[in-house]
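Each remark here refers to the structure printed beneath this line.
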Amino acid sequence: MRLILLGPPGVGKGTQARRLAEYFTIPQVATGDMLRDHIRDKTDLGQQAQSIMARGKLVPDDVILAMVEARLREQDALDGFILDGFPRTVPQGVGLTAILERLSVTLDAIVSVTVHSDIVLSRLSSRRTCTQCNAVYNLVIHPPRVLGVCDACGGTQLIQREDDRPETIRKRLDVYYEQTFPLLAYYQSTGLIREVPGDGTIDEVFQLILASLPEESIRA
Ligand code: AMP
């Protein structure tokens, strides 16, 4: 299964990508998580990305494309992957097409998760992220079982991301509509786009995504 999850920040892409990755036993390739790992590990790339991310802007396309291509060439991604937060611009979409050609693979579906922007704002404000494993919680609708402790890895640093503050959330939504939304037009002619409403529960949205996927790719 080779899948892109598209949608505005806060629509639940990360949560759904994680579940799909477990379901299909393939990696979740989340560029935001990869960049945060670089920041945590204080790499050159992390230092370059940090201030851009804190402002809610996008890291340059060439940097992202090189990082993604290296990741997709790793052994565990050869049989499939869930792309989460990438591509985010039309040039990244064009770059991804070239990467997939070099790898001699094709996409199975592009799932576009939609939700009203009021819901996005409230979801992102109550989001908490584990600094250790990038698991995502929502203090209102999906809190961890023990307050302040990550269900997935036991980490105790569940933080509000710097870019999940209201001013930056608005900037990220603007960036989404200006730079990422046009990808839907770029992919329109492929016939791969599946629109899924993201305002149900985590389980409901997951079932809708599964039901939207082409049957032959689920069996493969
Ligand atoms: P996310 O975790 O997907 O919400 O991403 C957090 C931030 O990381 C974004 O606001 C961008 O600054 C940066 N980022 C993540 N993915 C990309 C990408 N594909 N292209 C450019 N910047 C990205």
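Residues in the range 62-93 that are in contact with a Gly (Cβ under 7 Å, 6 or more places away or on another chain) and either among the charged types (D, E, K, R) or assigned to a strand (DSSP E or B) (or both): 84 alone.
Of all residues in the range 151-168, those being open to solvent by 30 Å² or more (accessible area, probe 1.4 Å) and either among the acidic types (Asp, Glu) or in a helix (DSSP H, G or I) (or both) number 4. Picking from residues in the range 44-85 that are charged (D, E, K, R), in contact with a helix residue (DSSP H, G or I) (Cβ under 8 Å, 6 or more places away or on another chain) and in contact (Cβ under 8 Å) with a residue 40 or more places away in the chain, the one that is farthest from the ligand (Cβ to nearest atom) is 71.
When we screen 212, 117, 125 for residues that are surrounded by fewer than 17 Cβ atoms within 10 Å (Cβ to Cβ), in contact (Cβ under 8 Å) with a residue 12 or more places away in the chain, within 23 Å of residue 2 (Cβ to Cβ) and over 16 Å from the mean Cα position of the chain (by Cα), the only hit is 212. Exactly one condition in (1) under 17 Å from the mean Cα position of the chain (by Cα); (2) outside any strand (DSSP E or B); (3) not polar (S, T, N, Q) is not met by residue 196; state its number. Of (1) under 17 Å from the mean Cα position of the chain (by Cα); (2) outside any strand (DSSP E or B); (3) not polar (S, T, N, Q), only one is false for residue 196: (2). Among the residues of the range 40-89, those identified as of a type in the set (S, T, N, Q) and surrounded by fewer than 18 Cβ atoms within 10 Å (Cβ to Cβ) are 43, 47, 48, 50, 51, 75. Residue 19 satisfies every condition listed in (1) of a type in the set (D, E, K, R); (2) surrounded by fewer than 23 Cβ atoms within 10 Å (Cβ to Cβ); (3) modelled with pLDDT under 95 except (3).
The values are calculated or read from the model by the stated rules, or taken from the named source; none is laboratory data. Quick caveat, the model's predicted, so the values are computed rather than measured. Cβ coordinates were reconstructed from backbone atoms using ideal geometry, including for glycine residues, and neighbour counts include every protein chain displayed. Heads up: the accessible areas ignore ligands, DNA and RNA and are worked out on the full protein's heavy atoms, side chains in. Shrake-Rupley method; radii C 1.70, N 1.55, O 1.52, S 1.80 Å.
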